[in-house]
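The block underneath contains the structure these notes are about, expressed in structure tokens.
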Amino acid sequence: MKIVKTICKHLILFTLALILTFFLLMTLFLLIDVQFGFFVSIFMCLSALGSFSFCIYEFVKDNKVTRLPLFIRTNQLVLLSYLSLAYIFVSFYFFSINLMITTELGKDLSLEEKIDFYTLPFQKEPSNSINYQRMKENKLTHQYQNFTIYYKPHEKELLPIIERAIDKADYLTSGLLGPVKDNEIDFILHASSDELYQETSLIKTMGYFDDPNDIVGIAITDLDEITADRMPGSFYFQSTIMHEYTHYRLQAFIKEQGLFVYRIPLWFHEGVAEYIGMYDVKHRYYPFKDTSFENLVTHKEWEKFRLDNYDVYLQSYYAIRYIVDTYGETIIKEIIEETAKVNDFNKGFAKATGISIDDLQTIYLLNESEGKIEMKE
């Protein structure tokens, strides 16, 4: 019974040390710059290992050779060991989060965004983990530029089509954004949109780009139709590839500017991706169900309206189409660069274009109602 009490006591002490250390370090990292915090977390990991190693040494060494001061003996040394061990766990935890932020998200985060990222593992509804490794199993690979394409033997005829779509998207996005440093991207073919949904839980989706994992996924809606270059399957397949490629290039450029990727609202991301995906396509304008751009900033908002039969892709496309037709293709790059200077999209947008988002909403709706916007030939 005494042993059980002792174990419980030590577990309680360690838990308290862990909680105390976590909140102290989180407070520190919330107050300092993200990039500086990354280097601080490296120093803390090293010092935590050093502190714990010192405690172990004091436990096992010959006390006649060297002694700690009397106020740090036995129980005190045990407590110091708990603090050091907790310090190791918490330091490496914040190091991993800071590494993700600095390499994937951009240097300028708000206090609320930092709190969200530092507490992500403790949130009630974390995002579902997608098993990309399972998707790649038993598939052939084909290397093209910085893309590794995963496909099944009967899908081999799609490879030249995919390469042409990548080349076209590369050319068009380079025209919009200039040179962008490329990452190595895994390109996974899904046998159908149903399979894509089963693997990722993405509803009514033909493609996706997973930025942290550098993965593009595309659904094959009709293999025969695509390989025979028949409409609409062939068009949608290539358009989806170009759309997702644009997400990859756009997010890479945003991060190069030191911005948090989603400091840029989602309607802008999707509008630019649709602009490239629908390039050279012409069709008549038709009325559609739209909403305020202020309702299309986050993924959660986007999905809410998308699944409620709002044509958010078309709305975002028309907005970007209007901006490009009015100011030229370089405006996309200018908006992002101006946003990076002030870390605020609305201000950056106004600086680059001379109009506000509210102005855009009014002007773009007016052009729609008059039928003046037309897809490019």
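The values are calculated or read from the model by the stated rules, or taken from the named source; none is laboratory data. Note that the coordinates shown come from a computational prediction; the quantities given were computed from them, not determined experimentally. Note that each Cβ is placed from the backbone with ideal geometry, even for glycine, and that neighbours are counted across all protein chains shown. Side chains are part of the model used for accessible areas, which takes the heavy atoms of the whole protein and leaves out ligands, DNA and RNA. Shrake-Rupley method; radii C 1.70, N 1.55, O 1.52, S 1.80 Å.
List of remarks:
- Some residue of the stretch 159-179 being part of a loop (DSSP other than H, G, I, E, B) and surrounded by 13 or more Cβ atoms within 10 Å (Cβ to Cβ): no
- On inspection, E303 passes the criterion of being closer than 29 Å to L202 by Cβ and open to solvent by 40 Å² or more (accessible area, probe 1.4 Å).
- When M231 is tested against (1) open to solvent by 40 Å² or more (accessible area, probe 1.4 Å); (2) outside any loop (DSSP other than H, G, I, E, B); (3) not charged (D, E, K, R), just one condition goes unmet, and that condition is (2).
- Listed by first and then second residue, the pairs with beta-carbon distance under 9 Å, at least 6 apart or on different chains, first residue in the stretch 349-362 and farther than 11 Å from E294 by Cβ, second in a loop (DSSP other than H, G, I, E, B), are F349/I355; F349/S356; A350/S356.
- The listed residue being touching a strand residue (DSSP E or B) at 6+ places or on another chain (Cβ under 6 Å), within 18 Å of K168 (Cα to Cα), assigned to a helix (DSSP H, G or I) and open to solvent by less than 10 Å² (accessible area, probe 1.4 Å), out of Y275, Y248: Y248
- Criterion applied to A273, A319 was being over 24 Å from V216 (Cβ atoms) and of a type in the set (A, V, I, L, M), and the one residue passing it is A319.
- Cβ-Cβ contacts under 6 Å between residues 6 or more apart (or on different chains), taken from a first residue in the stretch 201-230 that is over 11 Å from I188 (Cα atoms) to a second residue that is of a type in the set (D, E) and not in a helix (DSSP H, G or I), are listed as T227/E157.
- Filter result for T240 (polar (S, T, N, Q), within 20 Å of T330 (Cβ to Cβ), in a helix (DSSP H, G or I) and in contact (Cβ under 8 Å) with a residue 24 or more places away in the chain): no
- Residue selection: I355 fails the criterion of being open to solvent by less than 50 Å² (accessible area, probe 1.4 Å), in a helix (DSSP H, G or I) and β-branched (V, I, T).
- Of all residues in the stretch 252-264 being open to solvent by 10 Å² or more (accessible area, probe 1.4 Å) and closer than 20 Å to Y317 by Cα, the one that is farthest from the chain's Cα centre (by Cα): R263
- Selection over the stretch 200-228 of residues that are polar (S, T, N, Q) and open to solvent by less than 20 Å² (accessible area, probe 1.4 Å) gives a count of 1.
- None of D194, D186 is surrounded by fewer than 23 Cβ atoms within 10 Å (Cβ to Cβ) and assigned to a helix (DSSP H, G or I) except D194.
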